[in-house]
Amino acid sequence: MLQVLDAAAVRRWCAAGRAGLAAARTEIDDLNVYPVPDGDTGTNLLLTMESVEQALASAALDMAATVRAMAHGALMGARGNSGVILSQLLRGLAEVLETAETAASEHVQQALTRAAELCYAAVAAPVEGTLLTVARECAEAAAGLGATDLAAVVREAHAAAARSLARTPELLPQLQAAGVVDAGGRGLCVLLEALEQVVTGESTAPPAMTPMLLVPRDRSVLTAVRESGSADYAYEVQFLLRDAADDAVGQLQRTLARLGDSLVVVGGGAASPGLYNVHVHVNDVGAAVEAGIDAGRPFRLCVTRFADQIAEQESAPQPALSGRAVVAVVPGEGLAALFAQSGALVVEGGPAAQPSTGELLEGVRRSDAAEVVLLPNDPDTAVVARAAAELARKDGHSVAVIPTRSVLQGLSALAVADGTRSFADDVASMADAAGSTRTAEVTTAVREAATMAGICRPGEVLGLLDGDVVLLGGDVGAVARDLLHRMLTGGGELVTIVTGADAPAELGDSLTEWVESSYRAVEVVRYDGGQPHYPLLLGVE
């Protein structure tokens with residue numbers, strides 16, 4: 001029975017956690033029904049922990065080096081939303097545990113609390129009934145024990161996580177309809193079970209499984225994490241504002257919230273009437289300053305470009321960087337060739353095989369470009385892309401992530417890329433082109449699940465419109481025609497059809513003929529993308 005955690009115990013926990021996730025991988029993948037039943041959460045968590053073990057193999061054996069390597073390995077190997085959230089959880093643990101050579105019960109309580117805080121800070125729109133919920137409730141339960149021994153803390157954390165997991169279907173209707181618990185939360189329970197085994201020396205059966213109540217993000221935590229650079233915004237703008245009325249300050253806050261993030265406006269009241277301190281991260285510096293002029297009289301204006309700030313902080317010589325590049329995540333040989341021909345540097349990956357943070361970072365580094373646009377082409381990969389962008393900025397790259405949801409939005413963005421424009425203007429133009437492209441996908445359900453269109457069953461064809469399941473059917477062609485009809489009802493001049501590796505041989509031709517005969521004013525382009533899992537990708541511009 002351990003009384004404290006030392007570096008060796010942390011390493012044993014990481015190894016046991018990886019082994020537990022390997023054993024539970026298929027089970028966790030099968031639980032993955034939210035938001036789309038694509039069955040990859042267990043795989044993403046396991047790959048993230050494998051990266052942790054690789055990092056630990058070359059790290060010094062003391063506590064500080066061990067937990068830093070643990071956090072760095074998780075960040076570099078994080079895949080998908082679940083992997084990125086896990087990397088933040090391990091980072092939170094590391095921030096507390098690195099302060100002591102051996103960690104007692106109170107250190108573990110503090111570490112679990114910090115881990116939950118960073119998990120929330122990593123997600124733009126937290127949802128109840130997920131891994132976030134399980135992380136917060138287990139931290140609260142452990143902290144609620146007060147002064148006690150280490151074994152009691154880890155046992156309560158594991159038991160509380162299991163209770164929280166069992167309640168996730170009550171919080172998330174999709175889980176309740178499918179009769180499953182949250183996949184990410186189940187993965188966290190596996191890791192906490194491994195921690196309990198390491199501390200107590202006992203092989204435990206999981207307690208009765210059970211979610212947490214969602215709490216608002218701690219905005220101060222988010223601001224602290226982002227002060228060294230924003231994933232989406234290139235400039236920090238800060239100024240004092242004099243002679244500002246309360247209603248004008250309210251309008252200023254709304255305007256700046258639309259322009260950027262990490263927004264803080266403090267001041268006013270009896271102590272400093274009409275005087276405020278304003279801080280925000282933006283791309284459009286002029287618009288932020290104009291908003292301040294509309295509200296009052298700005299003074300002591302300070303604008304910092306994050307790339308310059310980071311470059312000043314780095315003492316080591318940096319490689320010479322020049323020019324601009326586009327790095328795109330693309331599934332399938334056909335699509336990869338198409339993006340490469342259009343000038344993009346391709347990183348292989350897609351909805352069912354997201355690249356890691358490290359792979360995207362290596363793609364940015366290989367570009368040798370001073371300015372880089374990242375096209376994730378998948379909602380889950382966008383989270384990883386932001387993490388890679390933050391790391392790439394430390395190398396001196398200026399990186400913008402355009403949150404493209406599909407390769408078709410990525411193609412639209414790439415088509416208008418223009419290196420002769422300013423970086424900010426080019427990114428804005430590419431983002432606008434991507435946003436004006438409506439996308440649809442046709443795939444097949446891997447398990448029974450609740451969708452917006454009803455209950456889908458294994459093998460049933462799913463039609464997704466802008467990321468949501470809107471159609472269920474038995475025939476790929478029929479679902480595709482219905483999707484295109486819905487998309488073209490609202491207008492459109494160009495239809496893009498991309499056939500996948502599993503598409504019937506005649507599907508592309510028949511669908512092209514149908515569009516040309518049904519919508520004579522619409523142009524059709526067709527590509528053999530070769531992407532896995534999705535027989536058809538459709539776009540309308």
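The values are calculated or read from the model by the stated rules, or taken from the named source; none is laboratory data. Keep in mind the model is a prediction, meaning the values are calculated, not measured. Cβ coordinates were reconstructed from backbone atoms using ideal geometry, including for glycine residues, and neighbour counts include every protein chain displayed.
Scanning the range 1-21 for residues that are under 28 Å from the mean Cα position of the chain (by Cα), more than 22 Å from Thr148 (Cβ to Cβ) and not charged (D, E, K, R) turns up Cys14, Ala15, Ala16, Gly17, Ala19, Gly20, Leu21. Within the bounds of the range 93-105, is there any residue that is assigned to a strand (DSSP E or B) and more than 23 Å from Asn32 (Cβ to Cβ)? Taking every residue of the range 93-105 in turn, at least one turns out to be assigned to a strand (DSSP E or B) and more than 23 Å from Asn32 (Cβ to Cβ). Considered as a group, the residues in the range 67-114 that are of a type in the set (Ser, Thr, Tyr) and under 25 Å from the mean Cα position of the chain (by Cα) include one that is nearest to Val153 (Cα to Cα), and that residue is Thr113. For the range 141-159, check the following and say yes or no: at least one residue is over 15 Å from Val108 (Cα atoms), crowded, with 24+ Cβ neighbours inside 10 Å and not small (Gly, Ala, Ser). Checked the range 141-159: no residue is over 15 Å from Val108 (Cα atoms), crowded, with 24+ Cβ neighbours inside 10 Å and not small (Gly, Ala, Ser). Of the candidates Ala111, Ala65, Ala104, Ala74, the single residue that is at pLDDT 90 or above and in contact with a Leu (Cβ under 6 Å, 6 or more places away or on another chain) is Ala111. Highlighted here are the helices (runs of 4 or more DSSP H) found entirely within the range 152-203 that include at least 3 residues which are modelled with pLDDT of 90 or more and under 13 Å from Cys138 (Cα atoms): 183-200. Condition check for Val134 on (1) in a helix (DSSP H, G or I); (2) among the aliphatic types (A, V, I, L, M); (3) more than 26 Å from Thr200 (Cα to Cα): one failure, at (3). Residue count for the range 207-262 under the criterion of being of a type in the set (Asp, Glu), at pLDDT 70 or above and either assigned to a helix (DSSP H, G or I) or exposed (fewer than 15 other Cβ atoms within 10 Å of the Cβ) (or both): the result is 3. Residues in the range 490-535 that are assigned to a strand (DSSP E or B) and either assigned by TED's automatic domain parsing to the domain that holds Val407 or surrounded by 13 or more Cβ atoms within 10 Å (Cβ to Cβ) (or both): Leu494, Val495, Thr496, Ile497, Val498, Thr499, Glu523, Val524, Arg526, Tyr527, Asp528.
Quick one: would you say Ser82 is within 18 Å of Val4 (Cα to Cα) and polar (S, T, N, Q)? Criteria not met by Ser82. Residues in the range 445-462 that are within 30 Å of Val401 (Cβ to Cβ), at pLDDT below 90 and not in a loop (DSSP other than H, G, I, E, B): Ala449, Thr451.
Considering the range 123-140, and only residues there that are of a type in the set (Gly, Ala, Ser) and crowded, with 22+ Cβ neighbours inside 10 Å, the residue that is farthest from Ser164 (Cα to Cα) turns out to be Ala139. With respect to the conditions (1) modelled with pLDDT of 90 or more; (2) in the same structural domain as Pro376 (by TED's automatic domain parsing), Ala431 falls short on a single one, namely (1).
Every listed requirement among (1) in contact with an Asp or Glu (Cβ under 6 Å, 6 or more places away or on another chain); (2) surrounded by 24 or more Cβ atoms within 10 Å (Cβ to Cβ); (3) of a type in the set (S, T, N, Q) is met by Ser82 save one, (1).
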